[in-house]
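**Q** Please read through the structure below; I'll follow up with questions.
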Amino acid sequence: MRAKTRLLVAALALAPFSAAPLGTAQAQTGTAGAPPAAVTPSARDANPVTPTPQAPDMPTYLGMLDRGITDLRQEISRAEAGGSRPTQAGATSPEMVHLMQKVRESWQIAERAPRGFNGNAAYDQTMRDMRARFSEVGPQHAQAPEAIESARGALQSLEKLRQAAAASAPS
């Protein structure tokens, strides 16, 4: 028993000294508490872990929009197929939660327009539409038929934005 107590006391006494080299090494390399490096959005990863970066060019943005449209269309189909599942009274179904998330992701993708396109009339109108659609799909309005209809409206807005972006892309 005494040996275990002495061993524990010795380990606790040495603990501050054994942690110091780790903190010193991090401070020397400059990685302690540093934010992640900025990642450029791509069609594959439209939402990198950075504060709303713009697409570097129109072809990348078009790819991001295509991916967002496809994902939102698939999520609408899933919500339509599983939206009638019973849930606890007042609870939002998992399908509606996923649908809300997908509408939000679509809105975030639309926001990432490259310079020169993110101020034109089609872009501004889509941002207003997406904001309104997202508020319609929000948790307080997450009844299946209404939420699905709002998500369809968001999909139409995204498709219109994609057409406008393609028309403004240099040939």
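The values are calculated or read from the model by the stated rules, or taken from the named source; none is laboratory data. Not measured: the values here are computed from a predicted model. FYI the Cβ positions are ideal-geometry reconstructions off the backbone, even for glycines, and counts take in every protein chain you see. Ligands, DNA and RNA are excluded from the accessible area calculation, which covers all protein heavy atoms including side chains. Shrake-Rupley method; radii C 1.70, N 1.55, O 1.52, S 1.80 Å.
**Q** How many residues are modelled with pLDDT under 85, part of a helix (DSSP H, G or I) and open to solvent by 50 Å² or more (accessible area, probe 1.4 Å) when one looks only at the range 130-170?
**A** Of the residues in the range 130-170, the ones modelled with pLDDT under 85 are 130-147, 169-170.
If we keep only those that are part of a helix (DSSP H, G or I) too, we end up with 130-137, 139-141, 144-147.
The next check asks that each one be open to solvent by 50 Å² or more (accessible area, probe 1.4 Å); those that pass are 131, 133, 135-136, 139-141, 145-146.
Qualifying residue count for the region: 9.
**Q** Still on this structure: Please verify whether ARG112 is at pLDDT 90 or above, in contact with a helix residue (DSSP H, G or I) (Cβ under 6 Å, 6 or more places away or on another chain) and surrounded by 12 or more Cβ atoms within 10 Å (Cβ to Cβ), treating the condition exactly as stated.
**A** Spelling it out, it is not the case that ARG112 is at pLDDT 90 or above, in contact with a helix residue (DSSP H, G or I) (Cβ under 6 Å, 6 or more places away or on another chain) and surrounded by 12 or more Cβ atoms within 10 Å (Cβ to Cβ).
**Q** Oh, and also: With the structure loaded, tell me whether GLY119 is within 26 Å of TYR61 (Cβ to Cβ), at pLDDT below 85 and either among the polar types (S, T, N, Q) or open to solvent by less than 60 Å² (accessible area, probe 1.4 Å) (or both) or whether it fails that test.
**A** Numbers: within 26 Å of TYR61 (Cβ to Cβ): yes; at pLDDT below 85: yes; either among the polar types (S, T, N, Q) or open to solvent by less than 60 Å² (accessible area, probe 1.4 Å) (or both): yes.
Yes; evaluated as a whole, the condition is true for this residue.
**Q** Out of the residues in the range 99-109 meeting the condition of being polar (S, T, N, Q) and surrounded by 15 or more Cβ atoms within 10 Å (Cβ to Cβ), tell me which one is farthest from SER77 (Cα to Cα). Give the steps one after another, and end with the answer.
**A** Pass one, the range 99-109, residues polar (S, T, N, Q): 101, 106, 108.
Right, trim to surrounded by 15 or more Cβ atoms within 10 Å (Cβ to Cβ) and you get 106, 108.
Values: SER106: 16, GLN108: 21 Å.
Of everything passing the filter in the range 99-109, GLN108 is farthest from SER77 (Cα to Cα).
**Q** If THR52 meets every condition in (1) loosely packed, with under 14 Cβ neighbours inside 10 Å; (2) at pLDDT 90 or above; (3) more than 24 Å from PRO145 (Cα to Cα) apart from one, which number is that one?
**A** Single failed check for THR52: (2).
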